[in-house]
Every structure is written in structure tokens, then in C-alpha cells.
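Read the structure below first, then the notes.
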Amino acid sequence: MFVLKASIKAGIFCSAVLVFVAIAVPVFAGNQVSISIDAKKPGSVINKNVYGQFAEHLGRGVYEGMWVGPDSTIPNTKGWRNDVVAALKKIHVPLVRWPGGCFADEYHWRDGIGVRENRPVKMNTNWGNVEERNAVGTHEFFDLIDLLGADAYVNGNLGSGTPQEMAEWLEYMTGDGKSTLAELRRKNGRDKPFKVAFFGIGNEAWGCGGNMKLEHYTSLFNQYASFLKAPKAYMPKIIASGGHDDDTSWTEYLTRNIHEQWNMRFDGVSFHYYTLPTGTWEKKGKALGFGEDQWISTLKNTLRMDSLIRNNVAKMEVNDPKSKIAFNVDEWGTWYDVEPGTNPGFLYQQNSLRDALVAALNFNIFHAHAARVRMTNIAQMVNVLQAMILTDKDKILLTPTYHAFEMYVPFQNATSLPLTISNNHEYSFGKTSIPAVSASAARALDGKVYLSLVNTNPNESVEIDIDVAGEKIEAAKGRVLTAKTMDAHNTFIRPQSVQPDNFNSSVKAGRLTLNVPAKAIVVVALE
Ligand code: AHR
């Protein structure tokens with residue numbers, strides 16, 4: 001959510017270097033949480049694009065954080081940092097949304113093609129009013145996509161552009177004939193069309209994308225979408241810019257009023273929801289040094305994602321019962337007060353164990369809604385908001401959020417499995433309570449059943465009894481992410497303070513019981 005929009009919106013001690021071994025223990029009736037998974041009833045596929053990312057021209061995100069230019073002393077390929085690309089490849093980034101965000105509605109694609117030195121210099125008015133030299137444009141973005149082996153989600157400019165400009169960008173990227181625009185792309189170094197997997201028509205039209213009324217945006221969507229043409233093999237999925245937070249009206253109206261009979265391509269509606277510790281934009285809360293009150297409020301606010309999706313999907317079930325349109329949470333993550341001493345327009349924040357739990361809770365929620373939620377994008381990739389990676393000149397560190405993404409890789413394109421949690425504990429602080437355990441199960445492409453568990457309680461470990469119907473399970477093998485303190489984080493001096501450890505357990509007396517440490521994420525294969 002755009003920052004200026006003030007009106008809306010038992011202690012088990014665990015050193016990060018210890019190897020965790022969950023000991024199978026006898027069942028003590030009454031206190032154990034139980035999880036049953038039905039391996040015989042496969043549900044929806046968890047689209048790998050649920051693990052998508054967002055890279056906006058904002059602060060030190062794209063520039064510095066990822067793109068340093070081919071002449072940089074920092075090792076790079078075509079300008080993209082080798083260290084950052086290698087780290088992102090390890091988490092199998094499936095999809096990257098670019099160039100914004102709010103930036104998208106001020107971006108004019110022609111500024112970003114041709115000889116780099118000759119490109120116009122603009123001011124990035126949304127984000128710090130710094131120079132935007134347009135060094136990263138369409139071709140550079142697709143270099144990144146190729147390096148990562150990811151798909152591209154290009155967000156078009158509806159707010160300050162024209163239908164012609166948008167249509168011509170798509171033609172430039174995808175034209176396979178001899179049109180002047182396709183030839184211009186070839187002259188600029190790309191023979192074959194670029195594969196644009198998704199194309200977004202504007203961003204946050206109700207805010208930075210033009211402060212529009214819903215009805216107005218819907219008409220514009222229909223108008224702009226009418227002219228988006230591409231060869232069949234290169235036609236992207238078209239995404240409408242939807243609502244945010246509690247407001248379901250955008251999802252409802254868009255899915256009711258963009259009609260199939262107009263032959264309008266409409267594949268997904270977007271939705272944005274950010275986790276703020278305090279829930280207020282004026283004073284969001286700190287990234288580090290917070291108390292348990294903001295640990296629990298942050299996780300509670302994250303868990304709202306479930307009802308927000310549910311409420312929107314309920315509208316879609318009425319308007320689109322055949323589920324042709326996806327519900328895409330194309331911006332989510334934590335948004336804190338910026339790191340003291342940094343440019344407030346750069347949205348730079350540290351990232352702690354709490355962020356990793358926020359990510360894991362969101363993943364478990366997205367899996368539960370896999371039938372409709374077929375793409376999401378965490379905001380953002382590097383140095384901005386809930387980032388995977390932080391950089392300082394030639395140094396990089398992987399954040400706890402990165403490790404959560406890495407642990408969840410087996411869930412990409414896995415088939416979700418029904419799971420029931422019984423006797424879940426409550427974790428409470430002050431007047432606030434949330435469920436202690438969040439979980440998700442799926443059969444991955446390697447044929448194994450994977451289980452993810454989050455213990456939200458920062459003070460007490462939890463014993464969880466696992467039962468899998470339709471599968472003979474003898475052991476759980478995987479990893480755990482936890483740390484000594486709620487705000488444990490990695491620094492450039494200690495980049496490995498928070499990182500996953502091994503976690504293994506085996507069946508004893510016919511039962512599989514996992515002891516999940518306080519404030520932890522566990523992902524295991526049940527074998
Ligand atoms: O992710 C930062 C900003 O948040 C995006 O530019 C905008 O879409 C949202 O308000």
C-alpha cells in the first residue's frame with residue numbers, strides 16, 4: 001500500500017548452530033496438538049507462481065541491490081550481480097513482477113530501450129525523488145528473467161500512459177512479424193519475441209495509479225485490454241488491478257463487469273495486503289527491537305490474509321463459478337518504519353526471524369487457497385520492504401525471509417493435501433490470542449509428502465502428533481528455522497546468525513511426534 005495513503009488503510013533455548021533432533025516421545029493425551037493429513041485426497045496444485053517476487057524501481061532495490069551495470073567492479077552478468085542472481089536461483093524464483101508498483105504508472109517503456117547512455121533521465125517521484133536514468137529497461141529486465149530462469153510479469157502504465165503506448169509495448173516485446181516495433185526490438189538486440197507470462201493493466205488504480213473510482217478503472221481496463229494484442233504463443237495472461245485490505249468491492253465489481261462476451265482477456269485480479277505491526281500507516285512499528293506485543297500483533301495481522309482471501313474469493317465464486325479468473329496477491333509482506341538514518345522514500349528495513357514466520361504463515365494460507373490464489377509476489381526482492389537479500393556495496397546477506405522461501409521450495413507445483421489440526425494451542429499475549437500452530441501439507445513433484453509447521457509462540461515449544469492416512473510414514477526429515485530472540489537477524493558482519501538447521505524424527509511406538517521449538521518454522525518430508 002502506498003505509504004502516503006494515511007487515510008486508509010518455554011522457552012526452549014535454541015542456538016542457531018545447533019542441529020535440532022525432534023525426539024519421538026510417547027503420547028500424553030490432552031496436551032498434544034494433532035495433525036492428520038489425508039494423502040488419498042489430493043487437492044489443488046500449488047502454482048509455483050505463488051512464490052513470485054516483486055522488483056520495483058524503488059530505492060536500492062533494482063539499482064545497486066540487483067543491477068550494478070556491466071562496468072561495475074562487482075562481478076556481474078550483463079549488469080546483474082552474480083551473487084544476488086546465484087542466491088535467487090537457489091530459491092527457484094518462478095516469477096518476477098516489474099517495474100512497479102506505483103512506479104509502473106509513471107513508466108514510459110520507450111525511455112528504457114536503445115543505447116543506455118542516451119536514455120532520458122527522469123525523477124522517481126514516488127520513491128525519494130531521485131534520478132531514474134532508465135538504465136534498466138525492457139531488455140535488461142529480460143536478461144534478469146533469463147538468468148533466473150523465471151517468468152516475467154510486466155506491469156503496464158494505465159495511470160499516465162495511453163492505450164496506444166501500452167499496446168505498442170506489448171507489440172514491441174512479443175511481435176514475431178516484420179512490424180516496425182518488432183524490427184526495433186531486433187535492432188536493440190533481441191531477435192525472438194520476449195515471453196511475457198503476465199501483463200498488468202495499471203497498479204493500485206484507487207491510489208497512486210490514478211486515484212480512480214472503481215467504475216472508471218473498469219471502463220479503462222476494458223478499453224486498454226481491447227488493444228493488447230500478441231501472437232497466440234506470446235499472449236500474456238492479463239491482470240486487472242484490484243483492491244486491498246478489507247475492500248472486496250474491486251474484486252466483486254471487476255469480476256462482474258469485465259464480460260466474457262466482449263471477448264476480453266481477463267485472467268486475474270490483483271490484491272494488495274501488507275502486514276503492519278501496529279496496523280496504522282502513520283506509525284507502523286519497528287523492524288527490530290520490538291516487544292512481544294508487536295510480535296503477536298504482527299503475526300495476528302498476517303493471519304488476516306486468510307479471511308481477506310476468503311471474502312474476495314466468495315465474491316468470485318458467484319461471478320466466476322468456473323474459476324477462470326485467478327486471485328493474485330501481487331503485493332504482500334511486512335512494512336515497517338524505515339531503518340533509522342535511511343532515505344524514507346527507499347523503504348529499506350531489516351528483516352528478522354519474525355519476517356520469516358510472516359512469510360511462512362502467508363505460504364500456508366496461500367496453499368489453503370491454491371484453487372484461486374495462483375500467483376503472489378512478495379514485496380520486494382532486494383533492499384526494499386520484506387526483502388530476500390540485503391546488500392551493502394559488494395556485500396550481501398540472506399535474510400530470514402530468504403530462508404523461509406528456500407525451505408518451502410518443495411511446495412512449488414506440489415499438490416495440496418487436506419490437513420486437520422486438532423487440539424491446537426492458543427498463544428496469547430495481553431489481550432491478543434492467535435493459534436499456536438499453522439500447518440500445510442502437499443505431495444511434491446518428487447512424490448514425497450511435505451509438511452510445513454509454524455509455531456507462533458515465542459516462549460514455548462509444541463509437540464505435534466502427525467498422522468497420515470493412506471501413507472506409511474517412518475520418519476520426518478527436513479529443517480527448522482528459529483533463533484534465540486524474536487528479532488534475531490543477519491548482518492553484514494554476522495550474515496549467518498539466522499539460518500536453517502537439520503530437523504529429523506522417526507516413528508516410535510507407532511507414532512510420529514514432532515517437537516517444534518518456540519518461534520520456529522519446520523519443513524519436513526514425511527518418508
Ligand atoms: O511496494 C511498495 C508500494 O506499495 C508499491 O509501489 C505500491 O503498489 C504499493 O503501495
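At most 15 other Cβ atoms within 10 Å and a DSSP loop assignment: could you name the GluC sites (Glu not before Pro) in region 275-369 that fit? Walk me through the numbers before you get to the answer.
Working: sites: GLU282, GLU292, GLU317, GLU331; in loops: GLU282.
For GluC sites (Glu not before Pro) across region 275-369 that sit outside H, G, I, E and B with at most 15 neighbouring Cβ atoms in 10 Å, the list reads GLU282.
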Count the DSSP beta bridges whose two residues both fall in region 190-341, then state the antiparallel fraction as a percent rounded to the nearest 5. 0 percent
Which aspartates and glutamates, if any, have their Cα less than 12 Å from the Cα of LYS395, not counting same-chain residues under 8 positions apart? GLU64, ASP83
Amide H neighbours of LEU417 at under 5 Å, excluding residues fewer than 5 places away on the same chain, with H built from the backbone geometry, are GLY43, ALA441, ALA442, ARG443
Using θ = phi - 60° and the Karplus relation 6.51 cos²θ - 1.76 cosθ + 1.60, list the HN-Hα couplings for region 274-282 in order, rounded to whole Hz, with x at every Gly or Pro. 9, 8, 10, x, 8, x, 10, 6, 5
Any idea which of GLY207, ALA518, PRO231 is furthest toward the positive side of the dipole for the chain, if Lys and Arg beta-carbons carry +1 and Asp and Glu beta-carbons -1? PRO231
Take every DSSP beta bridge with both residues inside region 48-411 and express the antiparallel ones as a percent of the total, to the nearest 5. 25 percent
Cα centroid separation - region 477-527 against region 59-135, whole Å: 35 Å
Which cross-chain or sequence-distant (5 or more) residues have an amide H under 5 Å from the amide H of LEU512, H modelled 1.01 Å from N in plane? ILE466
What percentage of the solvent-accessible surface of region 48-411, computed with a 1.4 Å probe over protein heavy atoms, is contributed by carbon and sulfur atoms? 51 percent
Multiply the residue separation of GLU292 and SER160 by 0.36 nm, subtract the distance between their alpha-carbon atoms, and state the gained length in nm to one decimal. 43.2 nm
For LYS508, go through the aspartates and glutamates and keep the ones whose alpha-carbon is under 18 Å away, minus same-chain ones fewer than eight residues off. GLU463, ASP465, ASP467, GLU471, GLU474, GLU527
Which trypsin sites (Lys or Arg not before Pro) in region 213-250 pass both tests, a DSSP loop state and at most 15 other beta-carbon atoms within 10 Å? LYS213, LYS229
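Determine the calculated [θ] at 222 nm for the chain from helices alone, applying -39500 (n - 2.57) to every DSSP H run no shorter than 4 residues and normalising by the residue count; nearest 500 deg cm²/dmol.
-7000 deg cm²/dmol
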With +1 assigned to the C-beta of every Lys and Arg and -1 to the C-beta of every Asp and Glu, and no other charges, what is the dipole magnitude of the chain about the Cα centre in debye, to the nearest 20? 780 debye
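Checking the table LYS48/LYS448; LYS213/LYS322; LYS284/LYS315; LYS300/LYS519 against a 20 Å threshold on Cα-Cα, which pairs fail? It would help to have the intermediate numbers written out before the result.
Numbers: LYS48/LYS448 17 Å; LYS213/LYS322 28 Å; LYS284/LYS315 30 Å; LYS300/LYS519 14 Å.
In this structure, LYS213/LYS322; LYS284/LYS315 lie more than 20 Å apart at Cα.
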By what distance, in whole Å, do the Cα atoms of region 48-411 stretch along each of the three principal axes, largest value first? 61, 56, 38
Using a Cα-Cα cut-off of under 17 Å, which aspartates and glutamates could be cross-linked to LYS192, ignoring same-chain neighbours fewer than 8 residues away? GLU140, ASP143, ASP146, ASP151, GLU168, GLU171, ASP176, GLU183
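Which trypsin sites (Lys or Arg not before Pro) does region 331-438 hold that lie in a coil by DSSP with at most 16 other beta carbons within 10 Å? Intermediate values should be presented prior to the final figure.
Working: sites: ARG354, ARG372, ARG374, LYS393, LYS395, LYS431; in loops: ARG372, ARG374, LYS393, LYS431.
Of the trypsin sites (Lys or Arg not before Pro), the ones in loops of region 331-438 whose Cβ has at most 16 other Cβ atoms within 10 Å are LYS393, LYS431.
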Which ³J(HN,Hα) values in Hz, rounded to whole numbers, follow from the phi angles of region 129-145 under the Karplus curve 6.51 cos²θ - 1.76 cosθ + 1.60, where θ = phi - 60° and Gly and Pro get x? 6, 9, 5, 10, 8, 6, 5, 9, x, 4, 5, 5, 4, 6, 4, 4, 4
Modelled label-to-label distance, ASN319 and GLN223, 7 Å Cα→beta-carbon offset: nm? 2.0 nm
In square angstrom, what is the accessible area per residue of the chain with a 1.4 angstrom probe? 38 Å²
What ³J(HN,Hα) values, in whole Hz, does the Karplus curve 6.51 cos²θ - 1.76 cosθ + 1.60 give for region 386-400 when θ = phi - 60°, with x put for Gly and Pro? 7, 7, 6, 9, 10, 10, 9, 6, 8, 9, 9, 9, 9, 7, x
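The values are calculated or read from the model by the stated rules, or taken from the named source; none is laboratory data. Quick caveat: nothing in here was measured; it's all calculated off a predicted structure. Every residue, glycine among them, receives a Cβ derived from its backbone with ideal geometry; neighbour counts consider all protein chains shown. Ligands, DNA and RNA are stripped out before the accessible areas are found, and what is left, the full protein with its side chains, is counted by its heavy atoms. Shrake-Rupley method; radii C 1.70, N 1.55, O 1.52, S 1.80 Å.
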